[in-house]
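Report on one structure; see the data block that follows.
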Amino acid sequence: MSDDDAIVKEFLVESYENLDRLDQDLVVLEKDPANRETLASVFRTIHTIKGTSGFLAFNRLEALTHVGENLLSRLRDGQLALNPEITSALLAMVDAVREMLQSIETTEKEGDRHDEPLIARLTSLLEDKSQNAPAVPPIPETVAKSSPPPQSVPNLGEILIQRGAAQPADVHAAVQQQQSGDPRHVGEILVEKGAVKGQDIVEALNLQQQARGQAASDSTIRVDVGQLDRLMNRVGELVLLRNQIVQYTNSMEDSELLGTSQRLNLLTTELQESVMKTRMQPIGNIWSKFPRTVRDVAVGCGKQVRIEMEGKETELDKTIIEAIKDPLTHLVRNAVDHGIEAPEARLAAGKQPEGLLFLRAFHEGGQVNIEITDDGAGLDYDKIRNKAIQKALISADQAARMTEREITNLIFLPGFSTAEKVSNVSGRGVGMDVVKTNIEKIGGTVDVQSKPGHGSTVRMKIPLTLAIIPALIVTTAADRYAIPQVSLLELVRLEGEQARKGLEMVNGAPVYRLRGKLLPLVYLSKELSGEGLSGTPAASAPASGDVQTINIVVLRADDRQFGLVVDEINDTEEIVVKPLSKQLKSINTYAGATIMGDGKVALILDVLGLAQRSNVVNEVRDRAVVENDGKQSHSPAGDGQRKAVLLFQHGETGRVAIELSLVARLEEFSRDAVEIAADQEVVQYRGQIMPLVHVSEVLESTRQKKNASEGETLHVVVYTHNGRSVGLVVDRILDIVEEFFVTQPQSGRKGILGSAVIQKRVTDILDLPGLIAAASATHSYAAALA
């Protein structure tokens, strides 16, 4: 790359960053024209772009920004007052500058542009003399043109006094002597007078230099994204080699080799986490554009909308950030256009004329949760129901029996829209279904909750990264396949008589009655052999007269459950996702490929694509109303949340629930496998020393602790956080259920969030972080996890 190319690239990078900030600043200024610092920042940004573009001979860019700079200069000097018309013109200038930068980036030229109308518009605003009184006093020249003050660095005297190496009076006298004409530094004067030792001066100077380094901009560097991608690929290869070595050494009896393998496993995991952190970006990078988006849509719709954001520092992998940018933008625009009412309608409903759009992001259970909430009118269930009938998406008979939850899910159907007219924001029937599809492509979920008259909330759960993911490895027809664990609900194994007679046929399709509900089944071998299309033999179950074992992987796709029948279930493993070749990209059954520990390739199954290919998603949706057996799937009061939980027994009759999203695995260990480390029970688990926490002990059960005999089986729930695992020893695992429930908080019980009615019985809800924190008070291994 030549020096000129490097200069242009640096100019583009800095200009893009400045423009993103400019959008926010102009929206802020429109609401607070007296904000001097923001106005000065806007002026400096345009001034910098104009000056650099002139130096690089981008004449069109220079001409446009020159007029914008003149207009901003009038605003800065108090000769004009900012109003919506000027703000819109400046935002249009920002858009034009961004387009020119994009053209320079791709073609090295500004492109064939016709910016004369925009320049004339800015010039007319510049020459507008109708405003007699300025809205703000002029900004002093020193404020307008100077850069933001640098971070304060303590002087030598301050450091010496703070460290107790010099007396304030001595330092003050040395400063006075220097100001009187002594050319020496303060430190030299102090050393000569014997007030300070030479070593103290050296240490103070080092501390001052460190402070300067921390305050300087060169404390960070820019790294090309392609370089990070290549580094991530190399780490991925290292993870694959790690898997191979661990798999090999686990079969050996060489303790020294096994120890070296475990050390390699630990270092590889730490390196993997460090490299992944370099790819992490705060979600605020895309949220920063939303104030401008909300402002533009609100102005176009004649509405008043305020946007607030919480959790802008929440980090995700760059690939995830790019994947959710468009869905989030659509949801924000949709909330302003559809959700929030016009000012007069809000006043009539007893609300403030200005609507609120609230964005929130936070980490939970190894995923990122994003919530978009508006205080608008909420969903109109009757309107959605009638629109779905009108578009023949459902029958009138189905619509009459649908719950509010099921009606809400209709907005995700392709082609669905309640807009009465087509606009540049909505009405084309391409919206929520695309949002749902794009989020599910990256292993995420979308859920909508609404309360008529009070607003709606869209909740999304998305993975932190796509590069390395946990997956379940299964075998079918002697080939191995990987299933992303984010779609996995549970595993079911049928043996003997249950395998031969446990399956049923409904409308020619195989199902299994799981806890009283019919679970549609898909045979992986049939689907992958090309027979799994609608109306083909894959729709029926194979002959089961001589079947001894059936393995069912219960999966979730499109908010529905189905069972995938496979030959064998192997184990869970962290896999490195590799893209598919051109020949396989068009097949929606596969999401990618990976290399297993033995060096062989395994394909990663696309759970949603597999469900759509087998038509199981549509079948389940059509049968949902019929199979409810008259039961409502929502809470009577419309409150609470539908969650999947693991139930286990506590004491003789107590029941405790853990959110299934927090459970990594269910394991059983013999009492002989338990060892003692740092006065804590531990087991060797997947190359780690995993501490065991007896839930009943932490919950201060009134029952006496059982003296476990040798050979007794311990039922363990594995909880993993930040790469560390802890085993929760429970009395007996009861069931996995998914239903609506309302948690009633309780105080004074450590490790318990509250209680809820689940399966018609009072059940304690476990506070897993609180339980670990309580256990950490006495056990060092648990403390390391907490």
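Summary table below
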item	result
Residue 600 open to solvent by 40 Å² or more (accessible area, probe 1.4 Å), over 19 Å from residue 557 (Cα atoms) and at pLDDT 80 or above	yes
Residue in segment 241-263 that is within 18 Å of the chain's Cα centre (by Cα) and either on the phi < 0 side of the Ramachandran plot or surrounded by 15 or more Cβ atoms within 10 Å (Cβ to Cβ) (or both) present	no
Matching entry among 71, 80 (being open to solvent by less than 10 Å² (accessible area, probe 1.4 Å) and assigned to a helix (DSSP H, G or I))	71
Of all residues in segment 316-329 being without any contact (Cβ under 8 Å) to a residue 60 or more places away in the chain and more than 22 Å from residue 449 (Cα to Cα), the one that is surrounded by the fewest Cβ atoms within 10 Å (Cβ to Cβ)	322
Criterion (touching a Lys or Arg at 6+ places or on another chain (Cβ under 6 Å), more than 18 Å from residue 445 (Cβ to Cβ) and either open to solvent by 50 Å² or more (accessible area, probe 1.4 Å) or not small (Gly, Ala, Ser) (or both)) met by exactly one of 297, 332, 336	297
Where a residue in segment 641-668 is within 25 Å of residue 682 (Cα to Cα) and touching a residue at least 60 places away in the same chain (Cβ under 8 Å) and its partner, wherever it lies, is among the basic types (Lys, Arg) and open to solvent by less than 30 Å² (accessible area, probe 1.4 Å), with Cβ under 9 Å and at least six apart	647/655; 648/655; 649/655
Residue that is most open to solvent (accessible area, probe 1.4 Å) [pool: residues in segment 173-187 that are part of a loop (DSSP other than H, G, I, E, B) and either touching a helix residue (DSSP H, G or I) at 6+ places or on another chain (Cβ under 9 Å) or of a type in the set (Asp, Glu) (or both)]	185
When residues of segment 361-376 are limited to those that are over 18 Å from residue 435 (Cα atoms) and modelled with pLDDT of 90 or more, the one least open to solvent (accessible area, probe 1.4 Å)	376
Residues that are open to solvent by less than 20 Å² (accessible area, probe 1.4 Å) and part of a strand (DSSP E or B), drawn from segment 464-474	468, 471, 472, 473, 474
Qualifying residue in segment 133-145 (condition: touching a helix residue (DSSP H, G or I) at 6+ places or on another chain (Cβ under 7 Å), surrounded by 14 or more Cβ atoms within 10 Å (Cβ to Cβ) and either modelled with pLDDT of 85 or more or not in a loop (DSSP other than H, G, I, E, B) (or both))	yes
Neighbours by Cβ (under 9 Å, 6+ apart or cross-chain): first from segment 241-256, farther than 13 Å from residue 686 by Cα; second assigned to a loop (DSSP other than H, G, I, E, B) and aliphatic (A, V, I, L, M)	244/596
Positions within segment 478-533 being of a type outside the set (Gly, Ala, Ser) and in a loop (DSSP other than H, G, I, E, B), in sequence order	507, 515, 531, 533
One residue from 25, 77 being under 24 Å from residue 307 (Cβ atoms) and either at pLDDT 85 or above or not basic (Lys, Arg) (or both)	25
All positions within segment 339-360 that are open to solvent by less than 60 Å² (accessible area, probe 1.4 Å) and under 16 Å from residue 291 (Cα atoms)	340, 355, 356, 357, 358, 359
All strands (runs of 3 or more DSSP E) inside segment 666-754 with 2 or more residues being at pLDDT below 85 and β-branched (Val, Ile, Thr)	713-721, 732-741
Which listed residue, of 10, 85, is open to solvent by 10 Å² or more (accessible area, probe 1.4 Å), assigned to a helix (DSSP H, G or I) and at pLDDT below 80	10
Residue 53 within 33 Å of the chain's Cα centre (by Cα) and of a type in the set (Ser, Thr, Tyr)	no
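The values are calculated or read from the model by the stated rules, or taken from the named source; none is laboratory data. Just so it is clear, the model here is predicted, and its values are computed rather than measured. In this analysis, Cβ positions are derived from the backbone assuming ideal geometry, glycine residues included, and neighbour counts consider all displayed protein chains. Just the protein is used for accessible areas: all its heavy atoms, side chains included, with ligands, DNA and RNA removed. Shrake-Rupley method; radii C 1.70, N 1.55, O 1.52, S 1.80 Å.
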